[in-house]
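One structure is given here, and the rest of the page talks about it.
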Amino acid sequence: MHDSLGSVNLWREFPEQLLERLQRPIIAYDRLGFGCSDSRSSLPSLDFVAEEAQHYFPQIKAALGLKEYLVLGHSVGGAMAVEIGASDPDCLTVITIAAQAFVEKQTLKSIGEAKVLFTQDGQLEKLERWHGANARWVLNAWTDVWLNPDFAEWHLTGALNALKSPVLAIHGELDEYGSQAFPQYIHDQSAGPSEQVIIPDCAHVPHRTHAEKVLESIEQFLKTNLVTD
């Protein structure tokens, strides 16, 4: 599950690295409006995290004939992974990378700074490389929803309390979009087995800057916690 500005292509080499490390098929998809998926006209609702789990992911699952599976998400994709794991007993394990668990001042500050940055010449064009004509929508879907005052009360408490499958929360020590309170919250509120890994000297994209540590953490967690027939 990709992040707020992400797409399949922006995962870059990580899916292949994960495949080689775990020897499992890896499936990634562009959410509606992102990457190579169809365009959207209206912005996501304030309940968009849960809606991905309730409406969009089940369509992907059905189309691909998925049965038991593991779900991994980065940033808001990690929050979506939690919602998926909480609502679907076929989900065996949840892995979050730099996931938000509630609305934190640090998160809003960094999103506000990014919104200003994207007003500068050439910045939106960088998004167009990955999202084409949808780039402006992608940016607005991120900044306008998160900075909406009515979104301030969003949190994952209910989903985490219902999440019985094992969850691994990976987080960078220097993550500019959220403090270590996020992985701690995921760890503390999860109903099932949980573990957090804090990567030193690491910001918001651990799977790119500290790929080996991320892959090692996932591999070890699954050896300990994944039980299949």
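The values are calculated or read from the model by the stated rules, or taken from the named source; none is laboratory data. Just so it is clear, the structure is predicted and the values come from calculations on it, not from any experiment. Counting neighbours? That spans all protein chains shown, and the Cβs are built from the backbone with ideal geometry, glycine included.
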Worksheet item: Just one of 191, 162, 181, 135 is at pLDDT 95 or above and within 30 Å of residue 41 (Cβ to Cβ); which is it?
Response: 135
Worksheet item: Taking segment 143-161 only, how many residues are in a loop (DSSP other than H, G, I, E, B) and either free of Cβ contacts under 8 Å to residues at least 12 places away in the same chain or within 25 Å of residue 220 (Cβ to Cβ) (or both)?
Response: 1
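Residues checked against (1) more than 18 Å from residue 73 (Cβ to Cβ); (2) out of contact with any helix residue (DSSP H, G or I) (no Cβ under 9 Å at 6 or more places or on another chain):
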residue	(1), (2)
136	yes, no
141	no, no
147	yes, no
150	yes, yes
168	no, no
183	no, yes
196	no, no
Worksheet item: In this structure, is residue 176 in contact with a Leu (Cβ under 8 Å, 6 or more places away or on another chain) and not aromatic (Phe, Trp, Tyr)?
Response: no
Worksheet entry | Checklist (1) hydroxyl-bearing (Ser, Thr, Tyr); (2) part of a helix (DSSP H, G or I); (3) touching a Gly at 6+ places or on another chain (Cβ under 6 Å) applied to residue 7, failing item | (2)
Worksheet item: Looking only at residues in segment 16-55 that are among the acidic types (Asp, Glu) and more than 16 Å from the chain's Cα centre (by Cα), which one is surrounded by the fewest Cβ atoms within 10 Å (Cβ to Cβ)?
Response: 38
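The rows are residues; the columns are (1) in a helix (DSSP H, G or I); (2) farther than 24 Å from residue 13 by Cβ.
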{"position": "30", "(1), (2)": "no, no"}
{"position": "35", "(1), (2)": "no, no"}
{"position": "56", "(1), (2)": "yes, yes"}
{"position": "61", "(1), (2)": "yes, yes"}
{"position": "72", "(1), (2)": "no, no"}
{"position": "77", "(1), (2)": "yes, no"}
{"position": "80", "(1), (2)": "yes, no"}
{"position": "85", "(1), (2)": "yes, yes"}
Worksheet, complete the sentence: Checked 164, 213, 223 against criteria (outside any loop (DSSP other than H, G, I, E, B), basic (Lys, Arg) and surrounded by fewer than 16 Cβ atoms within 10 Å (Cβ to Cβ)); the one match is 223
Discussion item. Given (1) over 24 Å from residue 102 (Cα atoms); (2) among the polar types (S, T, N, Q); (3) crowded, with 18+ Cβ neighbours inside 10 Å, identify the lone condition not met by residue 75.
Written reply: (1)
Worksheet, complete the sentence: Taking first residues from segment 38-50 that are among the β-branched types (Val, Ile, Thr) and second residues anywhere that are not in a loop (DSSP other than H, G, I, E, B), the pairs with Cβ under 9 Å that are 6 or more apart or on different chains are 49/76; 49/79; 49/80; 49/82; 49/83; 49/159
Discussion item. Can you find, within segment 95-140, the residue that is nearest to residue 152 (Cα to Cα) among those that are among the small types (Gly, Ala, Ser) and exposed (fewer than 15 other Cβ atoms within 10 Å of the Cβ)?
Written reply: 112
Discussion item. For segment 141-161: of the residues being over 19 Å from residue 7 (Cα atoms) and of a type in the set (Phe, Trp, Tyr), which is surrounded by the fewest Cβ atoms within 10 Å (Cβ to Cβ)?
Written reply: 151
Fill in: Residues that are small (Gly, Ala, Ser), within 17 Å of the chain's Cα centre (by Cα) and not in a helix (DSSP H, G or I), drawn from segment 174-193
178, 179, 190
